[in-house]
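Nothing in this text is a laboratory measurement; each read-out follows from the coordinates by a stated rule. Bear in mind the structure is a predicted one, so any value in this text is a computation, not a measurement. Glycine gets a Cβ as well: all are built from the backbone with ideal geometry, and neighbour counts include every protein chain shown.
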Amino acid sequence: MRLHDDQTTRRTAIAVVGAHGFVGRAVVAALTRQGIPTVACTTTSPAVRDGQLIPEVARARGVLVVAGRSNPALAERDPDSAAQELAETRELSRLLAESSEDAGTAQRILVASSGGAVYDGNQPPPYAEGSPLDQSSAYARLKLSVEDAFLSCRSPLSERTVLRLSNVYGPGQRVGTGQGVVGHWFQALAQDQTVRLFGNPQTTRDYVYVDDVAAAFVAALQAPSLPAVLNIGSGQPTSLEELLQLVLEVAKAPQHPIERVGDRPFDRRNTWLEISAARAALGWAPATSLRAGLARTWEHVDEPSA
């Protein structure tokens, strides 16, 4: 579905569910730069009211679902919250499918998931879309259930693709969630606090800049057709030790105190993504090097996040 197909002329803006979140804000900004009108759905202005889609979402050409309250630690200690999130997800998925059937015109739905959590860590990375999946953690189970809730309603009129994101970082990431090592480290540096490195310093992750993720969502809206699942990441492994050294270099704080702490129960070991499918389907590739992205993040470290 292209954004300007004749068959979708009755549809208007792009709806972003989770528009005030870290990724959501970047997606809205990217759409705005291209002159694409958006409907911002937030916790105070939700997509579903009284069991019905709001009209702006029902009429949207595309719906980007980048909301999610849970993180690995929260999913483990508060299963009720994860269950509520899944129930809301299933309701939204069902309502979107019913709305498209009633309208008789196609609507593309893109859903953010976690490429860093859902793949089986017992298998060697990098992980492609067809790699074995993981059910061992509460967070992985939640994310895979969210994926299933949306993909089970996939149809010609309700086009659906899951974008599995690696470790997203960038300006404005909230650090109170327990996620986002880059944000935590930069905040500690800005406040002259000890930087804490959890786990094995040689553990690898796949760090992708938030604006590159937003560009992938926009490209996915405009692609002629999409598979059910796409990985979105840098495609490169970076160890925690390498990341720490880059962070200290960018902040010009090479002698800053470091505290090395053991693994947390929910921490994953080595994980990074194979992104060739996204290159082929979207004509997309990450444009921001890790050093450049860290430098931009540090420049904005004192700005408030949503």
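Of the residues Asp134, Asp120, which is in contact with an Asp or Glu (Cβ under 6 Å, 6 or more places away or on another chain), farther than 29 Å from Ile54 by Cα and surrounded by fewer than 17 Cβ atoms within 10 Å (Cβ to Cβ)?
Answer to the selection: Asp120.
Quick one: Ala47 ticks every box in (1) closer than 24 Å to Leu144 by Cα; (2) among the small types (Gly, Ala, Ser); (3) over 21 Å from the mean Cα position of the chain (by Cα) bar one, so which box is it?
(3)
With the structure loaded, tell me whether Asp148 is of a type outside the set (A, V, I, L, M, F, W, C) and out of contact with any helix residue (DSSP H, G or I) (no Cβ under 9 Å at 6 or more places or on another chain) or whether it fails that test.
Yes; evaluated as a whole, the condition is true for this residue.
Determine whether Leu110 is under 30 Å from Ala29 (Cβ atoms) and part of a strand (DSSP E or B).
Taking the combined requirement at face value, the residue satisfies it.
Restricting to segment 270-303, and then to whatever is outside any helix (DSSP H, G or I) and among the hydroxyl-bearing types (Ser, Thr, Tyr), can you tell me which residue is farthest from Ala215 (Cα to Cα)?
Only one residue tops the list, namely Thr271.
Would you mind stating whether Leu243 is out of contact with any Pro (no Cβ under 9 Å at 6 or more places or on another chain), surrounded by fewer than 20 Cβ atoms within 10 Å (Cβ to Cβ) and aliphatic (A, V, I, L, M)?
no
Could you list all residues from segment 162-194 that are crowded, with 16+ Cβ neighbours inside 10 Å and either acidic (Asp, Glu) or touching a Pro at 6+ places or on another chain (Cβ under 7 Å) (or both)?
Of everything in segment 162-194, nothing turns out to be crowded, with 16+ Cβ neighbours inside 10 Å and either acidic (Asp, Glu) or touching a Pro at 6+ places or on another chain (Cβ under 7 Å) (or both).
Which of the residues belonging to segment 89-101 are in contact (Cβ under 8 Å) with a residue 12 or more places away in the chain and farther than 13 Å from Lys143 by Cα? Working first, answer last.
We begin by selecting, within segment 89-101, every residue in contact (Cβ under 8 Å) with a residue 12 or more places away in the chain; these are 89-97, 99-101.
The answer is Glu91, Leu92, Ser93, Arg94, Leu95, Leu96, Ala97, Ser99, Ser100, Glu101.
When segment 23-49 is examined, which residues are found to be touching a residue at least 12 places away in the same chain (Cβ under 8 Å), more than 21 Å from Gly293 (Cβ to Cβ) and either part of a strand (DSSP E or B) or in contact with a Ser or Thr (Cβ under 9 Å, 6 or more places away or on another chain) (or both)?
Pro37, Thr38, Val39, Ala40, Cys41, Val48
Quick check: anything in segment 77-95 under 25 Å from Ser234 (Cβ atoms) and of a type in the set (Gly, Ala, Ser)?
Looking through segment 77-95, none of the residues is under 25 Å from Ser234 (Cβ atoms) and of a type in the set (Gly, Ala, Ser).
Please verify whether Gly18 is at positive phi and either in contact with a Cys (Cβ under 8 Å, 6 or more places away or on another chain) or in contact (Cβ under 8 Å) with a residue 40 or more places away in the chain (or both), treating the condition exactly as stated.
Yes, satisfied.
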